[in-house]
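Step one of this worksheet: look at the structure below.
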Amino acid sequence: MSSTDSKRICGFTLIELLTALLILSLLAMMSYRGLGAVLDARAQVTGETEKWRRLSAFFARFEHDVQLTAPRRIRTPTGEAPPWLARPELVTDPILEFSCFSSTEGIDVMRRIGYRLNENQEIELWLWPSLDIASGSMSAVLPARYVVLAGVTTLDLQYLNADAAWVNVWPSSRLDPPIPRAVRVRVVLASNEEIVRVFALIL
């Protein structure tokens with residue numbers, strides 16, 4: 001066998017090299033797309049997990065607050081306000097505010113708190129510095145505001161009265177007790193999920 005025949009047997013032709021490179025390129029492209037799909041799915045799962053974690057934290061906070069509701073009227077510069085005050089949806093005021101027990105620096109005190117959906121699609125928690133609003137100091141009536149849930153398009157609250165009927169305001173009549181029997185919370189997220197929770201109140 002001549003040396004020329006030996007080289008021809010051991011080597012690769014240009015077509016074989018190009019075919020091998022094409023196959024390797026296709027495998028690399030498929031691997032890249034597969035890795036991208038895995039990373040996209042991971043990011044989506046992480047985002048969904050974080051969204052439902054924040055939603056769960058909001059409902060846990062809301063339930064904790066309403067479970068500590070106290071039947072204590074408050075004094076305001078214009079008179080008195082009921083322990084549980086629920087209004088129709090307004091531009092600036094909370095749709096719900098109530099008196100409750102709260103822990104401040106390790107001391108249990110009574111405070112006035114409220115919930116409101118602002119114009120940025122955020123549910124705000126309002127915390128007044130004291131239960132009664134002093135008429136002599138305007139700074140005392142300004143609550144601290146904290147965003148407890150973002151990405152919300154609708155916050156709808158309803159209240160169960162003594163006749164086992166759901167109403168949108170509280171008190172809805174003079175016969176209503178200071179605190180409703182239960183509160184129903186409906187939240188619609190910007191991603192179109194709708195979540196409804198019902199919390200019984202300890203009277």
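Across region 173-190, what is the number of residues that are basic (Lys, Arg) and in a loop (DSSP other than H, G, I, E, B)? Of the residues in that region, 2 qualify. Just one residue in the set GLU89, GLU105, GLU80, GLU122 is of a type in the set (D, E, K, R) and modelled with pLDDT of 90 or more; that residue is GLU122. Could you please tell me which pairs satisfy a Cβ distance under 7 Å, a separation of 6+ or placement on different chains, a first residue in region 40-54 that is in contact (Cβ under 8 Å) with a residue 40 or more places away in the chain, and a second residue that is surrounded by 10 or more Cβ atoms within 10 Å (Cβ to Cβ)? Taking only residues 6 or more apart or on different chains, the pairs are ARG54/LEU149. Taking residues in region 181-203 that are over 13 Å from TRP84 (Cβ atoms), and partners anywhere that are part of a strand (DSSP E or B) and among the basic types (Lys, Arg), the pairs with Cβ atoms closer than 7 Å and at least 6 places apart or on different chains are VAL185/ARG197; GLU194/ARG186; VAL196/ARG184; VAL196/ARG186; VAL198/ARG184. Among the candidates ARG72, ARG61, ARG111, ARG53, the residue that is of a type in the set (Lys, Arg), closer than 21 Å to ALA144 by Cβ and part of a helix (DSSP H, G or I) is uniquely ARG61.
The values are calculated or read from the model by the stated rules, or taken from the named source; none is laboratory data. Bear in mind the structure is a predicted one, so any value in this text is a computation, not a measurement. Please note: Cβ atoms are built from the backbone with ideal geometry, for glycine as well, and neighbour counts cover all protein chains shown.
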